[in-house]
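Participant: Have a look at this one before I ask anything.
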Amino acid sequence: MTGFVFSEKPIRIERGEGVHLYDTNGTEYLDFGASYACTPVGHCHPEVVDAATSQLERLMYVQASYPNDARDALYGALADCAPGDIDRVWLCNSGTEANEAALKFARHATGRSKIVATTRGFHGRTMGALSATWKDEYREGFEPLAGGFEFVEYGDADAMAAAVDDETAAVILEPLQGEGGINPADTDYLQAVRETTADHGAAMILDEIQTGLGRTGHLWASERHDVVPDVLTTAKGLGSGLPVGATLVKEWVAEDCGNHGSTFSGGPVVSAAAGATLDVLQREDLPAHAGEMGDYLMGEVRDLLGDEVRDVRGHGLMIGVEVKRGANRLLRDLAIEHGILALPAGRTVLRLLPPLTIEREHADEVVDALEAVIA
Ligand SMILES: *Cc1c(COP(=O)(O)O)cnc(C)c1O
């Protein structure tokens, strides 16, 4: 083995179908992490597989300066479903790149450099996005990062109002923090950030890379809070696991976005997969289904509240279960003893992010297993 960076898990996954994964021994796992929200419509959804496969057979790639039908269709689909009057789309290959573009577009459109980000925020690991990412553990050893970034307490509208001024290009934040521990923001807070940024002509960038695409019970978490940002970034589940991200932008930011580019922007295969994913999500009303399943699951998990389970929080199928003794042992027991794969969000939070296609029986299976491993 020659890879490095990732610490690997002792399970070798070979196949995925719907809400299940299978290892090389044929053991079935219920996937309650969706590999970090990357499979919202389930593993190997036949429509997504068909769309990508038939595109793969026709044309794998052509340089981005030629129009291609799959990309145009995705531009249209994203513009149609973007919140409010957001209607311009930039495509890239990952979440961090979607945020890099967002930061660059905001700086160029405003002619300003200052960026305000939030405590516990996570926006990616390339130099610009990392500069907006809070935790030292991600930043250590990589400094100096990009200049002009400052952090304010997540959830504190007054601190935000004090930090944003006429030199501010953008505020970047998540509507519900994922990596930071599953921390939902209040509607009042997000609306106040919207007002503050508008008052100063700064762009509000909502990072919906984890919360988007139906995860929280709405297609975009911003809809729950009735907030239309100037820039919204999405990635993770967009291509059902194929690498694609998007920066959705209001006209005032897009019209003076400067010189940005990427060789693989909107490649035909990932565009076809993303188009099919969006189509399935919307046609099957999976955001609403995620909302219902999430309410049910959270209600059941709340019954486990006690000495071991300290808090249960989230929206839709983005749920954090804060546990007393640390998440890692529970995650291992869930996987090895119960065939359930979930994720951590920091040291003490167990994160549930299943495909949006789960049914009650899957939620029940997870609640029973949780009860057993906690006991
Ligand atoms: C995962 C994530 C990113 C980074 O996306 P990558 O595709 O890993 O670069 C950025 N922001 C949020 C909120 C994320 O969850």
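The values are calculated or read from the model by the stated rules, or taken from the named source; none is laboratory data. Treat the numbers as computed from the prediction; the structure is a model and nothing was measured. Please note: Cβ atoms are built from the backbone with ideal geometry, for glycine as well, and neighbour counts cover all protein chains shown.
Participant: Kindly indicate whether Y138 is within 15 Å of the ligand (Cβ to nearest atom), in contact with a strand residue (DSSP E or B) (Cβ under 9 Å, 6 or more places away or on another chain) and of a type in the set (F, W, Y).
Facilitator: Working: within 15 Å of the ligand (Cβ to nearest atom): yes; in contact with a strand residue (DSSP E or B) (Cβ under 9 Å, 6 or more places away or on another chain): no; of a type in the set (F, W, Y): yes.
Taking the combined requirement at face value, the residue does not satisfy it.
Participant: For segment 156-182, which positions are within 23 Å of G245 (Cα to Cα) and either out of contact with any Lys or Arg (no Cβ under 6 Å at 6 or more places or on another chain) or of a type in the set (V, I, T) (or both)? Break it down stepwise before answering.
Facilitator: Here is the first cut: in segment 156-182, the residues within 23 Å of G245 (Cα to Cα) are 169-182.
Across segment 156-182, the qualifying residues are A170, V171, I172, L173, E174, P175, L176, G178, E179, G181, I182.
Participant: Let me ask something additional. All but one of (1) in contact with a Ser or Thr (Cβ under 9 Å, 6 or more places away or on another chain); (2) among the hydrophobic types (A, V, I, L, M, F, W, C); (3) more than 16 Å from T234 (Cβ to Cβ) hold for F142, so report the exception by its number.
Facilitator: (1)
Participant: Name the one entry in G180, G261 that is surrounded by fewer than 24 Cβ atoms within 10 Å (Cβ to Cβ), within 11 Å of the ligand (Cβ to nearest atom) and either outside the structural domain of F105 (by TED's automatic domain parsing) or in a loop (DSSP other than H, G, I, E, B) (or both). Outline the logic, then answer.
Facilitator: Values: G261 fails: within 11 Å of the ligand (Cβ to nearest atom).
Being surrounded by fewer than 24 Cβ atoms within 10 Å (Cβ to Cβ), within 11 Å of the ligand (Cβ to nearest atom) and either outside the structural domain of F105 (by TED's automatic domain parsing) or in a loop (DSSP other than H, G, I, E, B) (or both) holds for just one of G180, G261, which is G180.
Participant: For segment 33-86, name all the residues that are among the polar types (S, T, N, Q), within 16 Å of the ligand (Cβ to nearest atom) and modelled with pLDDT under 95. Lay out the reasoning, then the answer.
Facilitator: Let us first name the residues in segment 33-86 that are among the polar types (S, T, N, Q), namely 35, 39, 53-55, 63, 65, 68.
So of that shortlist, the ones also within 16 Å of the ligand (Cβ to nearest atom) come out as 35, 39.
Once the filter is applied, which keeps residues that are among the polar types (S, T, N, Q), within 16 Å of the ligand (Cβ to nearest atom) and modelled with pLDDT under 95, segment 33-86 yields only S35.
Participant: Picking from T247, T197, which residue would you name as being closer than 20 Å to A129 by Cα, of a type outside the set (A, V, I, L, M, F, W, C) and either more than 13 Å from the ligand (Cβ to nearest atom) or not in a strand (DSSP E or B) (or both)?
Facilitator: Among T247, T197, only T197 is closer than 20 Å to A129 by Cα, of a type outside the set (A, V, I, L, M, F, W, C) and either more than 13 Å from the ligand (Cβ to nearest atom) or not in a strand (DSSP E or B) (or both).
Participant: Only one residue in T133, T211, T216, T187 is among the β-branched types (V, I, T) and away from the ligand (no atom under 15 Å from the Cβ), so which one is that? Don't jump to the end; show me each part of the working.
Facilitator: Details: T133 fails: away from the ligand (no atom under 15 Å from the Cβ); T211 fails: away from the ligand (no atom under 15 Å from the Cβ); T216 fails: away from the ligand (no atom under 15 Å from the Cβ).
Being among the β-branched types (V, I, T) and away from the ligand (no atom under 15 Å from the Cβ) holds for just one of T133, T211, T216, T187, which is T187.
Participant: Could I ask something else about it? What helices (runs of 4 or more DSSP H) completely inside segment 1-103 contain at least 3 residues that are surrounded by 15 or more Cβ atoms within 10 Å (Cβ to Cβ) and either in contact with a strand residue (DSSP E or B) (Cβ under 8 Å, 6 or more places away or on another chain) or outside the structural domain of G291 (by TED's automatic domain parsing) (or both)? Walk me through how you get there before you give the answer.
Facilitator: On the way: elements: 34-37, 46-58, 69-81.
The qualifying helices (runs of 4 or more DSSP H) are 46-58, 69-81.
Participant: Only strands (runs of 3 or more DSSP E) wholly contained in segment 276-375 count here; list those with 3 or more residues that are charged (D, E, K, R). Quick ask: steps written out before the conclusion?
Facilitator: Working: elements: 309-315, 318-323, 349-352.
Answer list for segment 276-375: 309-315.
Participant: While we're here: For segment 188-201, give me each residue that is within 23 Å of the chain's Cα centre (by Cα) and buried (at least 17 other Cβ atoms within 10 Å of the Cβ).
Facilitator: Y189, L190, A192, V193, R194, T197
Participant: With L370, L356 as the choices, which residue is in the same structural domain as D23 (by TED's automatic domain parsing), under 24 Å from the mean Cα position of the chain (by Cα) and either more than 17 Å from V312 (Cβ to Cβ) or at pLDDT 95 or above (or both)? Give the steps one after another, and end with the answer.
Facilitator: Working: L370 fails: under 24 Å from the mean Cα position of the chain (by Cα).
Among L370, L356, only L356 is in the same structural domain as D23 (by TED's automatic domain parsing), under 24 Å from the mean Cα position of the chain (by Cα) and either more than 17 Å from V312 (Cβ to Cβ) or at pLDDT 95 or above (or both).
Participant: Considering only residues that are in contact (Cβ under 8 Å) with a residue 40 or more places away in the chain and more than 25 Å from R112 (Cβ to Cβ), which ones fall in segment 130-155?
Facilitator: Scanning segment 130-155 gives a single hit, K135.
Participant: Still on this structure, I have one more. Can you tell which of H289, H225 is modelled with pLDDT of 95 or more, assigned by TED's automatic domain parsing to the domain that holds P355 and not aliphatic (A, V, I, L, M)?
Facilitator: Details: H225 fails: assigned by TED's automatic domain parsing to the domain that holds P355.
That would be H289, the only listed residue that is modelled with pLDDT of 95 or more, assigned by TED's automatic domain parsing to the domain that holds P355 and not aliphatic (A, V, I, L, M).
Participant: Return yes or no: is A146 within 15 Å of the ligand (Cβ to nearest atom), modelled with pLDDT of 95 or more and either in a loop (DSSP other than H, G, I, E, B) or within 18 Å of the chain's Cα centre (by Cα) (or both)?
Facilitator: Details: within 15 Å of the ligand (Cβ to nearest atom): no; modelled with pLDDT of 95 or more: yes; either in a loop (DSSP other than H, G, I, E, B) or within 18 Å of the chain's Cα centre (by Cα) (or both): yes.
Spelling it out, it is not the case that A146 is within 15 Å of the ligand (Cβ to nearest atom), modelled with pLDDT of 95 or more and either in a loop (DSSP other than H, G, I, E, B) or within 18 Å of the chain's Cα centre (by Cα) (or both).
Participant: So, one more: Can you tell me which of (1) touching an Asp or Glu at 6+ places or on another chain (Cβ under 7 Å); (2) part of a helix (DSSP H, G or I); (3) within 13 Å of the ligand (Cβ to nearest atom) is the one L238 doesn't meet?
Facilitator: Result: L238 fails condition (1) only.
Participant: So which residues in segment 150-177 are touching a Ser or Thr at 6+ places or on another chain (Cβ under 7 Å) and either surrounded by 19 or more Cβ atoms within 10 Å (Cβ to Cβ) or within 18 Å of S222 (Cα to Cα) (or both)? It would help to see each step written out before you state the result.
Facilitator: Going through segment 150-177, the residues touching a Ser or Thr at 6+ places or on another chain (Cβ under 7 Å) turn out to be 151-154, 160-161, 164, 169, 171, 173-176.
If the condition is that a residue be touching a Ser or Thr at 6+ places or on another chain (Cβ under 7 Å) and either surrounded by 19 or more Cβ atoms within 10 Å (Cβ to Cβ) or within 18 Å of S222 (Cα to Cα) (or both), then V152, Y154, M160, V164, A169, V171, L173, E174, P175, L176 are the ones that fit.
Participant: Which residue, of G217, G320, G306, G241, is over 14 Å from the mean Cα position of the chain (by Cα) and crowded, with 18+ Cβ neighbours inside 10 Å?
Facilitator: On the way: G217 fails: over 14 Å from the mean Cα position of the chain (by Cα); G306 fails: crowded, with 18+ Cβ neighbours inside 10 Å; G241 fails: over 14 Å from the mean Cα position of the chain (by Cα).
So the residue among G217, G320, G306, G241 that is over 14 Å from the mean Cα position of the chain (by Cα) and crowded, with 18+ Cβ neighbours inside 10 Å is G320.
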